[in-house]
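The values are calculated or read from the model by the stated rules, or taken from the named source; none is laboratory data. This is a predicted model, so every value here is computed, not measured. Cβ coordinates were reconstructed from backbone atoms using ideal geometry, including for glycine residues, and neighbour counts include every protein chain displayed. All accessible areas refer to the heavy atoms of the entire protein, side chains included, with ligands and DNA or RNA removed. Shrake-Rupley method; radii C 1.70, N 1.55, O 1.52, S 1.80 Å.
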Amino acid sequence: MTKKVQFITQGCSANQADSEVMAGLLQQDGYEVCDDAPLVVFNTCTVKGPTETSFESKLAELKAQGKQVIIAGCIPQSDKKHRALKGHNLIGTYEIDRIGEMAKQTQAGEELVLLGRKNRTRLELPKMRRDNAIEVVPISHGCLSSCTFCKTKHARGELYSYQPQEIVRHISTAVSNGAQEIWLTSQDNSAYGLDIGSNLAALLEEIVSIPKDFIVRVGMANPDHFKHFFSDFLRVMHHDKIFKFVHIPVQAGSDAVLADMKREYSADLFREQVAALRAELPQITIGTDIICGFPTESEDDFLQTLELVRDTRPDVINISRYWPRQGTPAAKLKQIPGSEIKDRTRRLTALFQQISEENNRNWIGWEGEVCFRERGKNNTLVGKNFAYKQVIIDDAGRVPGDRVRVRVVDAGTFDLRAIPLTQDQQSETIGAVA
Ligand code: SF4
């Protein structure tokens, strides 16, 4: 029996973290985790139609190659009767700690289905990080909402927050093992702790008090739960150990559509939160998600979404066209024609790209230190500054991981172009700032 395994992971950073745990457990069992192996763990995502279609076509490809495939993640957990799962061993989002048993039985040709829903923390389990400098930390499982378009809820269930001291211990260990960036992830970070008498701001206070050098990226957080502790959140976001970046999915600009989506907030609450964040932290990067073409969205509703975008000028918008997800309430509604949805997505994208470039041009002239983590195209390096803005420089012999003091000289729709500052220029600017 060859102890080699390959991972294919779809979806969000929570799914990424689950794959890193499963890889860590199999490595502990003596498996070699590699890019091409006879045994594959396919960790799936159920959020959109195209993601599901790409899962099915990739699965067919793997089977044609004669590979043994364990299907993991949100598709089997949310719909074990899914047509593509027949005859496959399945492991869900709750039982990833039993991947060792699953791999052994699968390679022995025995059937096994692990789709239990017992809540437990997974922070003590071994991990195999995709990038040794980045630790993806799940802080809870599930959420408190029941959005009518969402299939993820069927997979991840009700909110189960992990204990703050376990999260702090996990992060402290990860930093000792080389992590420099800590990505907090879950289905809804603003719901964190509301089931255990805590909240995201209180957790962040504990995390930043860890006496080590690292920086935190706060993951997706819905507007509705924020209101319970927003002023505390604004205060802790000033801390140097937190990227000045927030991702608050608003989804639509019309209160009528938000109500039909069962999103428990108004467009004006999002406006207020963005205004408060910008007043407190003028250079903060605001990210959001918007769904185009939700079944009950009229042209006038869509115009309200465009107006919300003009008013709040987000720096990042994950624009999705609406996809009916089987088993969700919204899938039962009369759907908007695909051509109409496409047109709305195109109009929103055009508006966003104009705003994004204008926002980025405000950064021209900015000087500061950036850690360049990745190689980019055409001999460049790519990094993120304190506001999680993407910065690109010519590599000029530098390597990923280098920290470089730069000045932004140009801006595009999605990134900032910068030049490294010479020693003299550095002492000049540092002198000027002092
Ligand atoms: S908050 Fe809404 S969209 Fe997010 S996982 Fe929960 S139900 Fe789905």
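The figures follow:
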{"quantity": "Heavy-atom accessible area per residue - the stretch 197-323, 1.4 Å, Å²", "calculated": "37 Å²"}
{"quantity": "Inter-probe distance in nm under a simple model that places probes 7 Å from Cα toward Cβ, at K377 and A256", "calculated": "4.2 nm"}
{"quantity": "Binned Cα-Cα distances of the stretch 134-361, short to long, each 10 Å bin given as a whole percent", "calculated": "8, 31, 34, 21, 6, 0"}
{"quantity": "Computed over the stretch 367-433, Kirkwood Rh from alpha-carbon pairs, angstrom", "calculated": "11.9 Å"}
{"quantity": "Structure-based [θ]222 nm, the chain - -39500 (n - 2.57) summed over DSSP H runs of at least 4, per residue, nearest 500", "calculated": "-10500 deg cm²/dmol"}
{"quantity": "Reciprocal mean inverse distance between Cα atoms of the chain - Kirkwood radius, Å", "calculated": "23.2 Å"}
{"quantity": "Approximate spin-label separation F414-T2, in nm, with each point projected 7 Å along Cα-to-Cβ", "calculated": "3.5 nm"}
{"quantity": "Beta bridges by DSSP in the chain, antiparallel share as percent, to the nearest 5", "calculated": "35 percent"}
{"quantity": "Residues V113 and R310, FRET efficiency given R0 of 45 Å [Cβ-Cβ distance, rounded to 0.05]", "calculated": "0.35"}
{"quantity": "When each of K48/K332; K227/K389; K3/K67; K80/K332; K241/K384 is checked by Cα-Cα distance, pairs over 18 Å", "calculated": "K227/K389; K80/K332"}
{"quantity": "Kirkwood hydrodynamic radius (C-alpha pairs) into Stokes-Einstein, the stretch 4-114, 25 °C and 0.890 mPa s, D in µm²/s", "calculated": "179 µm²/s"}
{"quantity": "Cα Rg over Rh - the stretch 295-434, Kirkwood", "calculated": "1.15"}
{"quantity": "Rounded accessible area per residue of the stretch 30-113, 1.4 Å, Å²", "calculated": "45 Å²"}
{"quantity": "Scaled radius of gyration (Cα, divided by 2.2 N^0.38 Å) that the stretch 113-185 gives", "calculated": "1.26"}
